[in-house]
Every structure is written in C-alpha cells, then in structure tokens.
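Every number here is computed from the coordinates shown, using simple stated rules; none is lab data. What you see is a predicted model; the values in this text were computed from it and never measured. So basically every Cβ, Gly included, is an ideal-geometry build from the backbone, and we count neighbours across all protein chains shown.
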Amino acid sequence: MNPTCNSDHRVKDAVCWRLLDCLPQKVFLKGRDLRYLAVNKALAEAYRLPPEAFVGKSDDDLWPGEKADRYREADRKVLETGEPLEEDDVSSGRTVRTYKVPVRAPNGKILGVLGVFWDISDLKKTEIRLHDSNARLQGVNDELTLVCHIMSHDFQAYIRQISSFSDLLTDSLGDRMTEKQAKYIYRIKEAASTLKDKLQTLLDYSRAGQRERLKMSCADSNRALVGAMRALQCQIDGAGASITVDCMPTVTADEMKLTEVFQNLISNAIKFRRPGSKPEIHVSSAKVGGSIEMYVEDNGIGVRPEDYDRIFQIFQVSACGDIHGNGVGLSICRRILEAHGGGIRVEKSPSGGSRFILSLPA
C-alpha cells in the first residue's frame, strides 16, 4: 500500500469530519458491526460526552433497550438493502428526523452506515399551523365564491328589471320622448349592460382560482396553444398577425385552462399592437430549475416597468388611445396559474414589446 495514498485519505477524512463538526445536525458513522466509528461535535455535545466516548460502542452500550433495538433494526435494513432510509421518531414527545445511507467502498461493497438526525418539532408545528391557515383560507375563499354567485344571481335579476323598465319607459313615451330623455334612458341601459359585464367578470375571476375545479392531466401545451389560436382565428387574420411557435412541453395542468391563458395572452398581443405594425408573436419554453417556463412575447406597445405588477390586478384597466381592456384577462391568467402552483410575470421583450413568462411545476 502506498504510504502517500494512506496519508491523503487521512487528510481527506480529517477535513471531512472538520466540516461535519460545523453542522448543527447530529452525524454518526458506524461499521458493518454497527459499532460507532465516529460522531460529529453536535452529537457529542448533545449527550455531553467527548466524541471518543462513542468510538467502538454499540447502541446497546449507549441507549435504553427499546431505543437501541429500534436504531439497530434501521441500521441493518440499510446494510441489507443498500438503500437510504428516512424516518421520524416521535417517541420522546419531540419529532426527530433521521436519514441513513450505506457507506460504500470504490468496488461497491457496503462498509457501514452514515447517519444524520435533527429535531424538526418546530418545523412540524409550523407545517401544522400553515395547513390550518390554508384550510381556513380555503374556507373563506369558498364562502366568498358562494357569496359572489348569490350576489351575481340577485343583481342580474335587478339589472334585467332596470333594462325592462327602461324599455317600458321608452315605449310609453313614444313620440313624446325628448332628446334629453332619450339620452338619459340610453345611459341607464348602458350602465346596466356595463354592470352585467362586470358581474360576469367577477364570477369568472372567482372561478378561475378554484383548484378543486381543475381537471389535472398530462396536458399537451402544443394542443392548448392550437386551441387558443383557433378561437382567435378571426382576430389573427384581421390584424395580419404572425405567430411562431417552438416545440412546447407536456405539463401537468388543466388543458382547457391552459388554453384560456394562451388565448388571453395572444388576444392582448394582437389588441395592444403598435400603430401601423402587424403583430409578431413568438411562443417558446424552457426548463428552469424545478419549473417549466413558457414565454409569449410580442412586438407591441409593451408595459411600463411601474405597471409590471399592477396589470395582473383585477379591474386594472389598460388603455392606450382607442385601445381598451376590461381589466380581467391577465388577472384570470394569474389566478389560473397560481391554482396550478405556478405563476406569471412580465418583462420587456427584445423588440420592445411584452414578454409574458408562465411558470408551472415540472
């Protein structure tokens, strides 16, 4: 055996354990006989013993019988299966998470078990509080959705009455109606129509964020995009829009909702085009970390940086000259994507237009 090689291994082992000594988690190393070969500083300090006191000892030497049996059984499972093992122990009234892996020689032979454990009681309490908060929030959302539906139904009836009485008033006045009266009646009917549209918009928005209504599947985003383009064919042809698409991914999503998102974004790209220019829209995608991002970019009038967040808020109406939005399309896009566990944001495109970035879990 090369003495230099042995020296290098000793140096590496020393450096490794110096690093492990810096961890707040407790770390131990056992041989195939399940006797301790080493422990880190955190584990030794937790039991008020020097690290050397563990070396050569078995679990029977250190812990009460039932605890020692449980530790030994888990260690043997790792040695026999060669697979990592994760478990939570709540026997002490606290939650302690342990993760054990087999230690292998270069030839694959299992030499022992490396384990790490730490107290996650506070994390578990936080998870429970978060779960309870989410449940309460979902209850509030469900209640608000129900209120929206009831109010919408009732208000729609009132709006129909307003429109009906406006028609009756028009009929009763007949030729005696003055220009001013006609103007007033027109404004009443116009206001009723606007209110009806706003109520429907509010209903659509409330439904868009309901996760339980999603029909999740392996959705083909290419197919969703084609569906959106078909629905907008007249608008696309009328504006002379050019749409180019890269190969799009399969994602876990509600395909109909994904189609709705694409439809809103493409419609906006056509609507908010530069005067005298034909819309050019490019759709692409990329895997970024644990997410799949899809990009819809255009050569339109763009969005001011100070409005990057505001445009996703409901009833925040965009306007440029004679171009007007109803202030809900992008809000619905955000609600849909957030219900999928993703999101949406906007930035300036290379052509000076808008680049919308849709993210979904990979």
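Summary table
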| item | result |
| --- | --- |
| Label of the coordinate-derived value, Cα extents along the principal axes in Å, listed as [x] 110, 45, 34; [y] 60, 47, 42; [z] 144, 93, 42 | [x] |
| Packing-based exposure ordering (other Cβ within 10 Å, fewest first) of 297, 347, 127 | 127, 347, 297 |
| Distance in nm between pseudo-label sites at residue 46 and residue 33 (7 Å out along the Cβ direction from Cα) | 2.5 nm |
| Residues 54, 262, sorted so that the one with the fewest Cβ neighbours within 10 Å comes first | 54, 262 |
| Ascending count of other beta-carbon atoms within 10 Å, so fewest first, for 328, 140 | 140, 328 |
| Sequence-distant residues sharing a close amide H with residue 243 (under 5 Å, placed H) | 281 |
| Links that overshoot a 27 Å alpha carbon limit, given the list 26/124; 198/287; 189/257; 198/348 | 198/287; 189/257; 198/348 |
| Selected from 61, 154, 309 as most flexible by GNM, with the chain as the system and alpha-carbon contacts under 10 Å | 61 |
| Spatially proximal lysines relative to residue 109 (Cα-Cα < 16 Å; intrachain offsets below 8 disregarded) | 30, 77 |
| Most fluctuating residue given options 206, 164, 92, as computed from a GNM of the chain linking Cα atoms under 10 Å | 92 |
| Rounded to 5, the percent of DSSP beta bridges in the chain classed as antiparallel | 95 percent |
| For peptides 349-356, 104-111, 145-152, sequence by mean Cβ density within 10 Å, most packed first | 349-356, 145-152, 104-111 |
| R0 of 45 Å, Cβ-Cβ distance residue 193-residue 218: FRET efficiency to nearest 0.05 | 0.60 |
| Nitroxide proxy distance, nm - points 7 Å out along Cα→Cβ at residue 284 and residue 121 | 5.3 nm |
| Ellipticity estimate at 222 nm from DSSP helix runs (n ≥ 4, -39,500 (n - 2.57)) divided over the chain, nearest 500 | -16000 deg cm²/dmol |
| Segment residue 25-residue 309, extension gain: residue separation times 0.36 nm, minus the distance between their alpha carbons | 98.2 nm |
| Most fluctuating residue given options 303, 226, 15, as computed from a GNM of the chain linking Cα atoms under 10 Å | 15 |
